[in-house]
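Here is the structure we will look at, set down as structure tokens.
No lab work stands behind these numbers, since they all come straight from the coordinates. This is a predicted model, so every value here is computed, not measured. Neighbour counts are summed over all protein chains in view; Cβ atoms, including those assigned to glycine, are modelled from backbone coordinates with ideal geometry.
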Amino acid sequence: MRKDKKQVIGEEISDDSIKLFLDVEPADDTPPSLHKLVKAYRGLRIDDFEKFLTFFKQAGYDLNARDAKGQDFIALIQDQRLAEPYVEAVKAAKA
């Protein structure tokens, strides 16, 4: 990185930016709810993901959506190294 460029890590993002993850649609037969969860997981920090879950539920999306193999969001990500806080957030949102 150039010396005159400041590295930005952890910059706050707006609720409107978080809500953009509700607009993504799958290009295959993945259920839209599951696709939106995965995209948000990949693109948001945990604090923002927790906000996203609130918007996700308010919009009427399904936290229990499953793919063609019967896997839900938790099953898809649970073996990833940094997944635990996201798994816990989804479990809390389901409760």
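If neighbour count is taken as other Cβ atoms inside 10 Å, put ILE74, ILE18 in order from fewest to most.
Working: ILE74 17, ILE18 21.
Taking fewest neighbouring Cβ atoms as first place, the list is ILE74, ILE18.
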Order of ARG81, ARG42, ARG66 - criterion: other Cβ atoms within 10 Å of each residue's Cβ, fewest first: ARG81, ARG42, ARG66
Approximate spin-label separation GLU25-GLN78, in nm, with each point projected 7 Å along Cα-to-Cβ: 3.2
Pairs of Lys in the stretch 15-94 closer than 12 Å at Cα, counting only those 8 or more apart or on different chains: 6
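How large is the Kirkwood hydrodynamic radius of the stretch 15-94, counting all unique pairs of alpha carbons, in Å?
Details: mean 1/r = 0.0800 Å⁻¹.
Computed over Cα pairs of the stretch 15-94, the Kirkwood hydrodynamic radius comes out at 12.5 Å.
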Inter-label distance, nm, simple model (7 Å from Cα along the C-beta direction), ILE46/GLU12: 2.1
Order of SER33, SER14 under a 10 Å beta carbon neighbour criterion, fewest first: SER14, SER33
